[in-house]
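Worksheet: one structure, shown below.
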Amino acid sequence: MTKNAHKTNRWIDRRFLCLSVVATLVFGLCVTAVEFHEIPVSDSKSFFVLIGQWSVVTAAALPVFILMLANRWVAFIAMPLLGLLCGIAVYLRLAFHITPTPELVEIIAANDPALGKDFVSLVSIAFAAAGLAIGVALGWWRWHKISIGPLQSAFAAGIGIVGIFLAVTVSPRLRDSLSARMPYSFVHSVRGFLKNRKPQFQREPFPGTAVCRTDSCTIILVLGESLRADHLQLNGYNRNTTPLLAADTATMSFAQMYSPEYVTHKSLPVILTRAKDIDDLRAWQEHSFISLLKTAGFRTAWLSNQDALTNLNRRPETHGQKDGTKIKGVSSYRDFMLETDTLIYANGGKSDYVYSKWTDNSLLPFVDEELATDSPHKLLVLHTIGSHWFYNSHFNEEVFKPVLESKTNDIDHLDALINSYDNTIVETDRFLYELTKRLQHRNALLIYISDHGESLGEGGRFLHSGDFPELHNPACLVWVSQKYAANHPCRFEALKRNAGKPASTESIFHSVVEGADIDTPVLDKTKSFFYEYP
């Protein structure tokens, strides 16, 4: 660089800036575009919205490249490594519709390296080699063609750091989007994996003993997602959304179920513990019924079709402000997943930003494996994707038409949106029916409870981003096998009577414990679905 050029561009060398922009554009066209290619669009408006979103996410990668290229030694090492990772990730996205997530990192870390053989092919090697070649080319160009002084290098690094900070703090919506997209998703996934490895809170054991009074028992608790009670055929809805379960007299629906919380990370701690709401200290200090059943001799498993919801971007909240005691932390249900003997992710590489098919049927092979184990006492907690947005991803058959043609939730597409939503319920009906078939000849109990409801246009509202009445009435079903009903006739009759009465998610803990026939001082039978009112 000439002396005059140094004076003109004292802080930022134009060639350096040009290389950073070129690297960003190459990344946007080769990597970010792949992450956006599955998003459905149906008209020019949604297309231009998609282009705008792609542009913002691509621009947010610019400070990352400025930081990585600021020092030539860093660029020499980091650019080829990033290129290799991106090449592999692009292949996985195109071939298997998965993306970097904390759960995917956990699956890779927990399994034998032989697992990778399923993904190794000439095509995957070609993608990895292409990514590596691009990274090497950019690193070589920075090393040989651009020479900047230490002050310029430090200034460029500072710009990169400030740019990254602004990208992840200016807008929560942008921050969440970036954390699920490369290159930010690489860091987010590793951070999430490390955080997921340890419990969030120190929880106290339950007082007294826990003894199971039956020789064998299988309990399946299905944690649903965004399924509201008034869209069930079982509850009088004018569509056949649950034809299979409606034809089964062993299925009871609690149409008047109430959930005090309306988002997943707050509702599940209430469902799984004795807490009345998320501000009840027991949601933060006690274990779930999983630990109680383990003490009583149950083999326990958590089979997940969602993530652990360890949101590293969410700020800590203050909870449990009773008797002057305060607990500050991020609401999560990861602690309860760690209580089980077995933790399995059926779709560890899926995220809310993957729009390919993602249904709960993928849990069934893992259910079969758990049911085949030797233990006579089993508890399976199935965390389903259910009726989560984007609805079209979560059903296989278009029973109700027309369905959504783009990622749109507004009043102009309300009929198509409700059709898509109701199709997810049909899918859930089939999934639950498959579970009941596997339990028919066992002393078994199946409980389904959705974490919350969903807004479907009421007052112009959609999804579950605020505290509204329609979110507090989640679907809840209980199914019992013939053998279970014969072994516990009084309990079965009480279940049928109580199904027509108001209930709350606080009942789930006590219903699971009593349903498992466990004798423990922790059980409050008056809060159970099986309580026989005097």
Just give me the residues in region 368-398 being of a type in the set (Val, Ile, Thr) and open to solvent by less than 10 Å² (accessible area, probe 1.4 Å), in sequence order. VAL381, THR384, ILE385
Just a yes or no: is a residue in region 106-113 surrounded by 14 or more Cβ atoms within 10 Å (Cβ to Cβ), within 28 Å of the chain's Cα centre (by Cα) and at positive phi? no
Residue under question is THR242, and the condition is that it be crowded, with 20+ Cβ neighbours inside 10 Å and within 26 Å of ALA485 (Cα to Cα); does it hold? yes
What helices (runs of 4 or more DSSP H) completely inside region 473-534 contain at least 3 residues that are touching a helix residue (DSSP H, G or I) at 6+ places or on another chain (Cβ under 6 Å) and modelled with pLDDT under 95? none
Between GLY208, GLY236, which is on the phi > 0 side of the Ramachandran plot, open to solvent by 30 Å² or more (accessible area, probe 1.4 Å) and free of Cβ contacts under 8 Å to residues at least 24 places away in the same chain? GLY236
Only one of these is of a type in the set (Lys, Arg) and modelled with pLDDT of 85 or more: LYS117, LYS145. Name it. LYS145
If you check every pair at least six apart or on different chains, which have Cβ atoms under 9 Å apart with a residue in region 397-410 that is free of Cβ contacts under 8 Å to residues at least 24 places away in the same chain and of a type outside the set (S, T, N, Q) first and a residue that is open to solvent by less than 30 Å² (accessible area, probe 1.4 Å) and part of a loop (DSSP other than H, G, I, E, B) second? VAL403/PHE395
Quick one: TRP479 ticks every box in (1) under 19 Å from VAL367 (Cβ atoms); (2) surrounded by fewer than 17 Cβ atoms within 10 Å (Cβ to Cβ); (3) of a type in the set (Phe, Trp, Tyr) bar one, so which box is it? (2)
Tell me yes or no: at least one residue of region 82-99 is open to solvent by 20 Å² or more (accessible area, probe 1.4 Å), part of a loop (DSSP other than H, G, I, E, B), in contact with a Phe, Trp or Tyr (Cβ under 9 Å, 6 or more places away or on another chain) and closer than 17 Å to SER189 by Cβ. yes
Quick check on region 388-419: of everything there that is outside any loop (DSSP other than H, G, I, E, B) and under 20 Å from the mean Cα position of the chain (by Cα), which residue is nearest to LEU471 (Cα to Cα)? TYR391
Would you pick out the residues in region 436-451 that are surrounded by 21 or more Cβ atoms within 10 Å (Cβ to Cβ) and either at pLDDT 95 or above or over 26 Å from THR251 (Cα atoms) (or both)? LEU439, ASN443, ALA444, LEU445, LEU446, ILE447, TYR448, ILE449, SER450
Based on this model, can you work out whether SER504 counts as over 20 Å from PHE395 (Cα atoms), touching a residue at least 24 places away in the same chain (Cβ under 8 Å) and open to solvent by 10 Å² or more (accessible area, probe 1.4 Å)? yes
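Residue by residue, here is whether (1) among the charged types (D, E, K, R); (2) within 24 Å of THR359 (Cβ to Cβ); (3) open to solvent by less than 10 Å² (accessible area, probe 1.4 Å) holds:
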residue: ILE418; (1), (2), (3): no, yes, no
residue: THR424; (1), (2), (3): no, yes, yes
residue: THR428; (1), (2), (3): no, yes, no
residue: SER455; (1), (2), (3): no, yes, yes
residue: GLY459; (1), (2), (3): no, no, no
residue: ASP467; (1), (2), (3): yes, no, no
residue: ALA475; (1), (2), (3): no, yes, yes
Residue among THR264, THR295, THR273 that alone is open to solvent by 50 Å² or more (accessible area, probe 1.4 Å), among the β-branched types (Val, Ile, Thr), touching a residue at least 40 places away in the same chain (Cβ under 8 Å) and over 20 Å from GLY500 (Cα atoms): THR295
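Each row is one residue, and each column tells you yes or no for (1) under 21 Å from LEU245 (Cα atoms); (2) among the β-branched types (Val, Ile, Thr); (3) touching a residue at least 40 places away in the same chain (Cβ under 8 Å).
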position	(1), (2), (3)
ASP467	no, no, yes
HIS472	no, no, yes
TRP479	yes, no, yes
GLN482	yes, no, yes
CYS490	no, no, yes
ALA494	yes, no, no
SER511	yes, no, yes
GLU514	no, no, no
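The values are calculated or read from the model by the stated rules, or taken from the named source; none is laboratory data. The structure presented is a predicted model; accordingly, all values stated were derived computationally and were not measured. Here the Cβ is made from the backbone with ideal geometry for all residues, glycine too, and neighbour counts use every protein chain on show. Protein only, heavy atoms only, side chains kept; ligands, DNA and RNA dropped before computing areas. Shrake-Rupley method; radii C 1.70, N 1.55, O 1.52, S 1.80 Å.
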